[in-house]
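Q: Structure in structure tokens, see below.
Read-outs: derived from the displayed coordinates by stated rules, not from any lab. Just so we're clear, the structure is a prediction, and the values are computed from it rather than from any experiment. Cβ atoms come from the backbone with ideal geometry, glycine included; neighbour counts cover every protein chain shown.
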Amino acid sequence: MTDHFSDTLRAASEPNWTRAVEHRFVSELYTGSVNDRVMAFYLIQDHRFLDSFLTLLGAAIATCDTFDARLRFGQFAGMVSGEENTYFLRAFDHLGVTDKDRAETPDTAPTTGFQSIMREAAETRSYAAILAVLNVAEGLYYDWAMRAPKPLPESFVHAEWITLHDSPAFAQFVAFLRAELDRVGPTTPDIARDFFLRAVSLELEFFDAVY
């Protein structure tokens, strides 16, 4: 039996969590060998999460029960709106992705699904549900990014996507998310588990859909 609620949820999500962390896309990202067309398609899809993700962070700010937590979520929202969004725009330019490409590329089913689950969690006004989705969205990415071998790929498109999810600040935020889920998740375990497991499945499906 695990000591932490977040560990219990992660164990329940297997094998999907490990399949996502060890996905072909991740392995190719490590070596910088993701085909430019595949990388462009992935980034177009991932960038579309930002609106729903900021909505989810706003709901976290509104529903959390401590001032410290509100500050942490607010600071992270600033990073996503600034540094991460700027990375996307630079990557699009480098890969030759036009505004027309971004507008006309259809959403994959997992993209639509993840946008929906983020908004669904936000609308529940349940801090545990919100934390469950955030722990997957950020924790799963940290799990694969922290495993990236050195040196990182030469192209910033690959390397910065790894370092955005493996910086000391990001690691601290993921640890904060886990601690918060461990603290409040057990009060509504079924809700947290439902959102967590659905989110992990969507992450795996999202990587699969890139190919």
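Q: Could you please state, rounded to a whole Å, how far the C-alpha centre of segment 6-27 is from the C-alpha centre of segment 101-129?
A: Cα centres, segment 6-27 to segment 101-129: 20 Å.
Q: Cut-off 20 Å, label point 7 angstrom out along Cα-to-Cβ of residue 112: give me the residues of segment 38-56 whose amide nitrogen falls inside.
A: 41-53
Q: On full extension of the chain, what length is gained from residue 159 through residue 27, given 0.36 nm per residue of separation minus the C-alpha to C-alpha distance?
A: 46.3 nm
Q: Here is a further query. When only Cα pairs under 8 Å and 6 or more residues apart are kept, what is the percent relative contact order across segment 1-153?
A: 37
Q: Take residue 187, project a point 7 Å from its Cα along the Cβ direction, then tell me which residues of segment 38-78 have their backbone nitrogen under 12 Å from it.
A: Only 63-66 pass the distance filter.
Q: Checking the a/c ratio against 1.5 first, then a/b against b/c, what shape does the Cα gyration tensor give for segment 2-63?
A: oblate
Q: Rounded to the nearest 500, what is the chain's calculated 222 nm mean residue ellipticity when only DSSP H runs of at least 4 contribute -39500 (n - 2.57) each, over all residues?
A: It lands at -24000 deg cm²/dmol.
Q: Sticking with this one: Note the angle between two axes, namely the Cα long axis of helix 189-209 and the longest principal axis of the Cα atoms of the chain, as a number of degrees from 0 to 90, rounded to the nearest 10.
A: Between the helix axis and the principal axis of the chain, the angle is about 10 degrees.
Q: On to the next question. Helix 67-79 versus the longest principal axis of the chain: what is the Cα-based angle in degrees, 0 to 90, to the nearest 10?
A: Once rounded, one gets 10 degrees.
Q: Now for a different question. I'd like the orientation of helix 127-145 relative to the chain: the angle between its Cα long axis and the longest Cα principal axis, in ° from 0 to 90, rounded to 10.
A: Orientation of helix 127-145: about 40 degrees from the principal axis.
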